[in-house]
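Have a look at the structure below, then the notes.
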Amino acid sequence: MRPRLAKAVLALTASLSLPLAAAPAHAGSATPHPAGQEQPAHAGPTTPDPVLLGQLARTYEATAKYGYLPNALADGYRAHMCLARDQGGMGYHYFNESRFGSLDPAKPAGLLYEDDGNGGRRLVGVEWVVPTADAQGKRPQIFGQDFQGPMAGHYPGMPRHYDLHAWLYKPNRNGLFAQWNPDVTCPSSDMPKA
């Protein structure tokens, strides 16, 4: 295994072993379970599944080059809003709309960045986006995780959709697949107006 990929697998193993939050990020993020219990959409076993690690290693290998933002722009990702709320942030979104609908671990539609403190942006996560016109339609799934949503688009022209985040490049104490990361923020001037 190449050193960079081995490092990614170790980082993913560590992040999958982090304690998961008990409360869902918002009402739409909980997935019904037997006996009427609710669990966060990102809840999962504390022992990493080797199949999941392999899939996430594919994502890491395909997206690591986007740590250098010009590579993302060259591959068709375009800058959009920075999102943050009381429960945390998602950061700056860069979407490649040609990848909307992708469930391929190596082809997320969105990249998530935060300020790096030096006037640039640091890659913190990735996001899959599946458009839907039907709120009662089948909920997409990847990595054994149900997507959040459906929800309205985040910018003019973005369709109603389901989405799933993976915090591959910045640990999230709420879980690898949590929608919001409490350690990601947006500058107040970039916050969307409610």
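The values are calculated or read from the model by the stated rules, or taken from the named source; none is laboratory data. These numbers were taken from a predicted model, which means no experiment stands behind them. Note: ideal-geometry Cβ built from the backbone for every residue, glycine included; neighbour counts use all protein chains shown. What goes into the accessible areas is simple: the full protein's heavy atoms, side chains included, and nothing from ligands, DNA or RNA. Shrake-Rupley method; radii C 1.70, N 1.55, O 1.52, S 1.80 Å.
In the list LEU103, LEU123, which residue meets the criterion of being part of a loop (DSSP other than H, G, I, E, B) and aliphatic (A, V, I, L, M)?
Values: LEU123 fails: part of a loop (DSSP other than H, G, I, E, B).
Selected residue: LEU103, the only one of LEU103, LEU123 that is part of a loop (DSSP other than H, G, I, E, B) and aliphatic (A, V, I, L, M).
Take the residues in the stretch 64-100 that are part of a helix (DSSP H, G or I), hydrophobic (A, V, I, L, M, F, W, C) and in contact with a strand residue (DSSP E or B) (Cβ under 6 Å, 6 or more places away or on another chain); name whichever of them is surrounded by the fewest Cβ atoms within 10 Å (Cβ to Cβ).
Applying the filter and picking the extreme gives LEU69.
Out of ALA79, ALA133, ALA109, I need the residue that is at pLDDT below 95 and not polar (S, T, N, Q). Which one? Give the derivation first.
Details: ALA79 fails: at pLDDT below 95; ALA109 fails: at pLDDT below 95.
Answer to the selection: ALA133.
Considering PRO150, PRO187, PRO159, PRO140, which residue is open to solvent by less than 50 Å² (accessible area, probe 1.4 Å) and modelled with pLDDT under 90?
Going through PRO150, PRO187, PRO159, PRO140 in turn, just one is open to solvent by less than 50 Å² (accessible area, probe 1.4 Å) and modelled with pLDDT under 90: PRO187.
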